[in-house]
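What follows is calculated from the coordinates using simple rules that are stated; it is not laboratory data. Note that the structure is predicted; figures quoted are calculated from it, not measured. Don't worry about glycine lacking a Cβ; one is built from the backbone with ideal geometry, like all the others, and counts go over all protein chains shown.
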Amino acid sequence: MSLKRSIFRLTADYKIKNFDCGDSDLNEFFYQDAFNYTEQLLAVTYVVETKVKTMGFFSVANDKIQILENKSIWNRLNRNIQNVKRRRAYPAVKLGRLGIDKEWQSQNVGTELLGYIKEFFLQNNKTGCRFITVDAYNNSATTSFYQKNGFAFFLTQDTQEKTRLMFYDLMLYKNANV
Ligand SMILES: CC(C)(COP(=O)(O)OP(=O)(O)OC[C@H]1O[C@@H](n2cnc3c(N)ncnc32)[C@H](O)[C@@H]1OP(=O)(O)O)[C@@H](O)C(=O)NCCC(=O)NCCS
């Protein structure tokens, strides 16, 4: 994040500064529910802002990624895991919500936030976390945003659903940044 921006955990007294990501469900979550989720220990929301504007937010919660009936995707995912460490499930974090203000879209802020999340769960996590998962809106703009950031589809049977489950292997980020 550039110096002019700050990123922090959402608090009860934070006043959202004129935010609109263009998606009413995400806006409503941010304005009305985000802090309740934190209080209920269901998700934690982080905010990125300048002095005058809330630029974006994301929410994260613990998750796990587990063995699939479709073995080809599971085998592909397992290829990067040492044989002796292969399991039927791996620890993950779910990127539950992500929204960037309309004024700031297509200026790399979403990509920067994904980089921040990758770094955060690699460097600062208190427990093991191998994957980031996301239920991405099933439209080509959103899924290609995640693909450009290294995420892949996890299922083949959700192509017609409202969202598609995608995952990112944090080992990719670790190996690229050693
Ligand atoms: C999807 C979103 C988080 C991406 O953040 P961003 O800061 O705009 O993305 P970046 O600038 O880092 O990357 C841009 C890429 O994101 C994709 N994208 C997806 N939705 C987009 C949108 N509404 N506007 C612009 N780009 C979008 C495009 O592929 C774009 O690539 P391009 O610039 O080559 O066309 C943001 O656009 C957003 O908040 N959209 C509305 C809410 C939403 O769909 N959230 C995701 C829920 S799973």
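Annotations for the structure displayed:
- Residue match in the range 33-45 (condition: surrounded by fewer than 19 Cβ atoms within 10 Å (Cβ to Cβ) and within 14 Å of the chain's Cα centre (by Cα)): yes
- Number of positions in the range 120-170 that are over 14 Å from V93 (Cβ atoms) and either away from the ligand (no atom under 13 Å from the Cβ) or touching a His at 6+ places or on another chain (Cβ under 8 Å) (or both): 9
- Number of the condition not met by I65 [criteria: (1) under 25 Å from S144 (Cα atoms); (2) of a type in the set (V, I, T); (3) in contact with a Leu (Cβ under 7 Å, 6 or more places away or on another chain)]: (3)
- Considering the conditions (1) over 19 Å from N27 (Cα atoms); (2) within 16 Å of the ligand (Cβ to nearest atom), V109 is excluded by exactly one of them, (1).
- In the range 66-85, the residues that are farther than 16 Å from Y168 by Cβ form Cβ pairs under 7 Å with partners that are part of a helix (DSSP H, G or I), at six or more places apart or across chains, as follows: I67/W74; L68/W74.
- Among the residues making up the range 121-150, those that are free of Cβ contacts under 8 Å to residues at least 24 places away in the same chain and over 25 Å from N177 (Cα atoms) are N139, S140, A141, T142.
- When residues of the range 99-120 are limited to those that are in contact (Cβ under 8 Å) with a residue 60 or more places away in the chain and of a type in the set (A, V, I, L, M, F, W, C), the one farthest from K174 (Cα to Cα): I100
- The combined condition, being among the small types (G, A, S) and surrounded by fewer than 18 Cβ atoms within 10 Å (Cβ to Cβ), is fulfilled by S72.
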